[in-house]
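A.B. asks: Take a look at the following structure, please.
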Amino acid sequence: MTSIQLWTLIWVVGTFGLYLTIAWRSRVSDTEGFYVAGHGVPAIANGAAIGADWMSAASFISMAGLISFQGYGGSVYLMGWTGGYVLLALLLAPYLRKFGKYTVPDFVGDRYSETARAVAAVAAIFVSLTYVAGQMRGVGIVFSRYVGIEIFGDAVIGGVLIGMAVVFFYAVLGGMKGITWTQVAQYSVLIIAYLIPAIAIAYTLTGNPIPQISFGNVAQDLNGLQQDLGFSAYTDPFTDETRSMLNMLLITGSLMVGTAGLPHVIVRFYTTKTVRDARASAFWALLFIAILYTTAPAVGVFAKTNFIQDVEGASIDSLPQWVVDWQDAGLITIEDKNGDGVVEFRPGEASDPESENEITPDLDIMVLATPQIAGLPAIVVGLVAAGGLAAALSTASGLLLVISSSVAHDFYYKRFRPDATEAQQLRAGRIAMAVAILVAGWFGIYPPAFVGQVVAFAFGLAAASFFPIIVLGIFWKRANAAGAVAGMLTGLISTSAYILATVPSESGAIFLGLSPPFGISPEGFGFIGMLLNLAVTVVVSRATAPPPQRMMELIEDIRYPGPASVTSRTDTGA
């Protein structure tokens, strides 16, 4: 066992032990504790939990890698994922908290109809499963490279199964309460793990330890390095068809409204004590998220610069150890096309015989590899690996709770067993979560694409399904059940079909790889799906009967200051 593997194992065992201890101390025995932590989470703790819930493996592992190789085009993730929280804080969080329900489908069901609840529950499961696939892939990547515990002869399978076991324990035992306090700890681990190497590398490269300030000069040097190798300048905009001006707009919009519509993030605002705490949670979450997101561009620039300096012109027989390690893990591809024994880094893929490029890294490795590239000690490399696991597992647990609540609360209790006792509801929720963990594990072992790409699709689906009907449900009294169902189905089906049709076929057997109409990236179609949902909801609502008068009065009440929950004062349904 190498020193890096030893330190990674120490960090992983230590942090996993912390998570399990918190889960045991936070175990619950009722549905309110299981689904919304008893409405008792302080605002600052909820903000940290939201940050961990939302800063997934895509943010920690994949985003800086995407920025490092896409340059300006990678900024869509920064703008979209952070901008979406402004929408969430202003348009949704306080009003949903005042409505006082357990889940997003719960709000949809009470605001519109039981049919709308069923469609929303299916959409929540679909979005969450798409998102959780990226998290479990992140767990597999970390374990395959740094821990190497093989099960069935495969380190990825070993890592995913261990991650499943840990999530199963603290999510099934403690529900939202256990997940919340575990996520507070996970945020602390992941942000420390992200900042330490970024600060160290910034100081090494520039003499300035503040990454957000020091990376500008390095980016200018990177422009020259890339142009010398036949690439466009790193900071030049619109250099790739998938990041044209139109796609930059659509992807940013899709990620923004998708963030505001993600069910596992929205449900966190039900856990606070008051509506005011829900707003304060959004502020704290933005602050905690901004710490990582203002650092990510610097990490991307540092990673790309170090990568070029390490591999370009290097002898294949004496590659840096980090390249050998990741090549052994199957996450760096090297092809000596001209047989000169020297690596040449050029535009294109190493696997493409038409390209002169001879090395292609998996973009998901860049953050994890950065400490080793920079020559930082093994204890820091192990900490970064533990941070990546914290990011993946924190989001996975939140997503699994959404799946559990959609099945157990919105289907089992609300539609099939309205007379179920607390104990029966809790048991159904735990069984649903256990099944969801098994499905998530399957996705982790057989992932469909890059972590960041899979997560971008999940945001697109959330944008196209949830955002319009929630916003209209709060701010437009005339929105009715028929419009909501038609809108959700239109947005979800159109966006899913476009993604399946246009994602390159090599990403998975389910994708057709057709040429995108007008060059619109599948990552950005969620914004168009959202507009279709919005239009269909408005048209159908106008063409059909309005909601009952009591529901319109309730919606009017939600939008103005008053009690923390107003739903108890009126019958549900619409």
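A.B. asks: For VAL160, only one of the following conditions fails: (1) within 26 Å of GLY80 (Cα to Cα); (2) in contact with a helix residue (DSSP H, G or I) (Cβ under 7 Å, 6 or more places away or on another chain). What is its number?
C.D. replies: (1)
A.B. asks: Of everything in region 267-280, what is within 13 Å of LEU90 (Cα to Cα) and surrounded by fewer than 24 Cβ atoms within 10 Å (Cβ to Cβ)? Give them in sequence order. Walk me through it before giving the result.
C.D. replies: Quick first cut of region 267-280, residues within 13 Å of LEU90 (Cα to Cα) only: 269, 275-276, 278-280.
Within region 267-280, VAL275, ARG276, ARG279, ALA280 meet the criteria.
A.B. asks: Mind counting the residues in region 18-30 that are over 24 Å from the mean Cα position of the chain (by Cα) and assigned to a helix (DSSP H, G or I)?
C.D. replies: In the first step, residues of region 18-30 are kept if they are over 24 Å from the mean Cα position of the chain (by Cα); the result is 21, 24-30.
Next cut, assigned to a helix (DSSP H, G or I) only: 21, 24-25.
Count: 3.
A.B. asks: Give me a count of the residues in region 358-399 that are charged (D, E, K, R) and without any contact (Cβ under 8 Å) to a residue 60 or more places away in the chain.
C.D. replies: 1
A.B. asks: In the list ALA193, ALA185, ALA202, ALA198, which residue meets the criterion of being more than 30 Å from GLY17 (Cα to Cα) and hydrophobic (A, V, I, L, M, F, W, C)? Don't jump to the end; show me each part of the working.
C.D. replies: Details: ALA193 fails: more than 30 Å from GLY17 (Cα to Cα); ALA185 fails: more than 30 Å from GLY17 (Cα to Cα); ALA198 fails: more than 30 Å from GLY17 (Cα to Cα).
Unique residue meeting the criteria: ALA202.
A.B. asks: Now, a different point. Quick check on ARG117: is it within 20 Å of PHE269 (Cα to Cα), part of a helix (DSSP H, G or I) and touching a strand residue (DSSP E or B) at 6+ places or on another chain (Cβ under 8 Å)?
C.D. replies: Working: within 20 Å of PHE269 (Cα to Cα): yes; part of a helix (DSSP H, G or I): yes; touching a strand residue (DSSP E or B) at 6+ places or on another chain (Cβ under 8 Å): no.
Taking the combined requirement at face value, the residue does not satisfy it.
A.B. asks: While we're on this one: Quick one: which residue in LEU255, LEU286, LEU249 is surrounded by fewer than 21 Cβ atoms within 10 Å (Cβ to Cβ), within 30 Å of ASN217 (Cβ to Cβ) and modelled with pLDDT under 90? Let's see the steps before the verdict.
C.D. replies: Details: LEU255 fails: surrounded by fewer than 21 Cβ atoms within 10 Å (Cβ to Cβ); LEU249 fails: modelled with pLDDT under 90.
Among LEU255, LEU286, LEU249, only LEU286 is surrounded by fewer than 21 Cβ atoms within 10 Å (Cβ to Cβ), within 30 Å of ASN217 (Cβ to Cβ) and modelled with pLDDT under 90.
A.B. asks: Does region 503-520 contain any residue that is farther than 21 Å from ILE474 by Cα, of a type in the set (S, T, N, Q), at pLDDT 85 or above and touching a Ser or Thr at 6+ places or on another chain (Cβ under 6 Å)? Show your work before the answer.
C.D. replies: To start, the set of residues in region 503-520 that are farther than 21 Å from ILE474 by Cα comprises 503-520.
This time we only want the ones that are of a type in the set (S, T, N, Q), so: 505, 507, 515.
Those still in the list that are at pLDDT 85 or above too: 515.
Among the residues that remain, those that are also touching a Ser or Thr at 6+ places or on another chain (Cβ under 6 Å) are: none.
Looking through region 503-520, none of the residues is farther than 21 Å from ILE474 by Cα, of a type in the set (S, T, N, Q), at pLDDT 85 or above and touching a Ser or Thr at 6+ places or on another chain (Cβ under 6 Å).
A.B. asks: Could you grab me the full set of residues in region 411-441 that are hydrophobic (A, V, I, L, M, F, W, C) and surrounded by 15 or more Cβ atoms within 10 Å (Cβ to Cβ)?
C.D. replies: Taking region 411-441 as the starting set, the residues that turn out to be hydrophobic (A, V, I, L, M, F, W, C) are 411, 416, 420, 423, 426, 428, 431-440.
Passing the criteria: PHE411, ALA420, LEU426, ALA428, ILE431, ALA432, MET433, ALA434, ALA436, ILE437, VAL439, ALA440.
A.B. asks: When region 456-497 is examined, which residues are found to be part of a loop (DSSP other than H, G, I, E, B) and in contact with a Pro (Cβ under 8 Å, 6 or more places away or on another chain)?
C.D. replies: Narrowing region 456-497 to residues part of a loop (DSSP other than H, G, I, E, B): 466, 476-480.
Matches in region 456-497: PHE466, LYS477, ARG478, ALA479, ASN480.
A.B. asks: Scan region 23-51 residue by residue and report those that are in contact with a Phe, Trp or Tyr (Cβ under 6 Å, 6 or more places away or on another chain), modelled with pLDDT of 85 or more and crowded, with 21+ Cβ neighbours inside 10 Å.
C.D. replies: The answer is GLY47, ALA48, GLY51.
A.B. asks: Kindly indicate the residue of region 197-221 that is surrounded by 17 or more Cβ atoms within 10 Å (Cβ to Cβ) and without any contact (Cβ under 8 Å) to a residue 24 or more places away in the chain and also farthest from THR235 (Cα to Cα) among those meeting that condition.
C.D. replies: ILE199
A.B. asks: Count, please, the residues in region 222-240 that happen to be surrounded by fewer than 17 Cβ atoms within 10 Å (Cβ to Cβ), hydroxyl-bearing (Ser, Thr, Tyr) and either modelled with pLDDT of 90 or more or in contact with a Cys (Cβ under 6 Å, 6 or more places away or on another chain) (or both).
C.D. replies: 2
A.B. asks: Among ILE251, ILE289, ILE266, which is the only one that is among the aliphatic types (A, V, I, L, M), within 30 Å of THR495 (Cα to Cα) and touching an Asp or Glu at 6+ places or on another chain (Cβ under 7 Å)?
C.D. replies: Details: ILE289 fails: touching an Asp or Glu at 6+ places or on another chain (Cβ under 7 Å); ILE266 fails: touching an Asp or Glu at 6+ places or on another chain (Cβ under 7 Å).
ILE251 is the lone residue from the list that is among the aliphatic types (A, V, I, L, M), within 30 Å of THR495 (Cα to Cα) and touching an Asp or Glu at 6+ places or on another chain (Cβ under 7 Å).
A.B. asks: Next question. Cβ-Cβ under 6 Å, sequence separation 6+ or interchain: first residue in region 102-130 and closer than 20 Å to GLN549 by Cα, partner of a type in the set (Ser, Thr, Tyr). Which pairs?
C.D. replies: ASP110/THR572
A.B. asks: Right, something else. Any idea which of (1) touching a residue at least 40 places away in the same chain (Cβ under 8 Å); (2) of a type outside the set (D, E, K, R); (3) buried (at least 19 other Cβ atoms within 10 Å of the Cβ) is the one PHE169 doesn't satisfy?
C.D. replies: (3)
A.B. asks: Go through the residues of region 135-156 one by one and say whether even a single one is small (Gly, Ala, Ser), touching a Pro at 6+ places or on another chain (Cβ under 8 Å) and either assigned to a helix (DSSP H, G or I) or surrounded by 23 or more Cβ atoms within 10 Å (Cβ to Cβ) (or both). Give the steps one after another, and end with the answer.
C.D. replies: Taking region 135-156 and keeping what is small (Gly, Ala, Ser), we get 138, 140, 144, 148, 153, 155.
Keeping just the survivors that are touching a Pro at 6+ places or on another chain (Cβ under 8 Å) gives 140.
So of that shortlist, the ones also either assigned to a helix (DSSP H, G or I) or surrounded by 23 or more Cβ atoms within 10 Å (Cβ to Cβ) (or both) come out as 140.
The answer is yes; a qualifying residue exists.
A.B. asks: Right, here's the next one. Just to be sure, is LEU532 modelled with pLDDT of 90 or more and within 27 Å of the chain's Cα centre (by Cα)?
C.D. replies: Numbers: modelled with pLDDT of 90 or more: yes; within 27 Å of the chain's Cα centre (by Cα): yes.
When the stated conditions are applied, LEU532 passes them.
A.B. asks: Would you confirm, using the coordinates I've provided, whether GLY73 is assigned to a helix (DSSP H, G or I) and more than 13 Å from the chain's Cα centre (by Cα)? It would help to see each step written out before you state the result.
C.D. replies: Values: assigned to a helix (DSSP H, G or I): yes; more than 13 Å from the chain's Cα centre (by Cα): yes.
Against the criterion (assigned to a helix (DSSP H, G or I) and more than 13 Å from the chain's Cα centre (by Cα)), GLY73 qualifies.
A.B. asks: Sticking with this one: Among the residues of region 512-531, how many are touching a residue at least 60 places away in the same chain (Cβ under 8 Å) and either in contact with a Pro (Cβ under 9 Å, 6 or more places away or on another chain) or exposed (fewer than 14 other Cβ atoms within 10 Å of the Cβ) (or both)?
C.D. replies: Keep residues of region 512-531 that are touching a residue at least 60 places away in the same chain (Cβ under 8 Å), which gives 518-530.
Cutting the leftovers down to either in contact with a Pro (Cβ under 9 Å, 6 or more places away or on another chain) or exposed (fewer than 14 other Cβ atoms within 10 Å of the Cβ) (or both) gives us 518-519, 522, 525, 530.
Looking only at that region, the number is 5.
A.B. asks: Among the candidates LEU393, LEU400, LEU376, single out the residue that is surrounded by 24 or more Cβ atoms within 10 Å (Cβ to Cβ) and more than 14 Å from ALA428 (Cα to Cα). Let's see the steps before the verdict.
C.D. replies: Working: LEU400 fails: more than 14 Å from ALA428 (Cα to Cα); LEU376 fails: surrounded by 24 or more Cβ atoms within 10 Å (Cβ to Cβ).
Exactly one residue qualifies, and that residue is LEU393.
A.B. asks: If you take the residues in region 483-496 that are over 21 Å from the mean Cα position of the chain (by Cα) and small (Gly, Ala, Ser), which one is surrounded by the fewest Cβ atoms within 10 Å (Cβ to Cβ)?
C.D. replies: The residue in question is SER494.
A.B. asks: Ok, one more. If you check PHE467 against the conditions, is it at pLDDT below 90, touching a Phe, Trp or Tyr at 6+ places or on another chain (Cβ under 9 Å) and aromatic (Phe, Trp, Tyr)? Give the derivation first.
C.D. replies: Numbers: at pLDDT below 90: yes; touching a Phe, Trp or Tyr at 6+ places or on another chain (Cβ under 9 Å): no; aromatic (Phe, Trp, Tyr): yes.
No.
The values are calculated or read from the model by the stated rules, or taken from the named source; none is laboratory data. All values derive from a computational prediction rather than experimental measurement. Because the Cβ atoms are built from the backbone with ideal geometry, glycine has one as well, and the counts that use them run over all protein chains shown.
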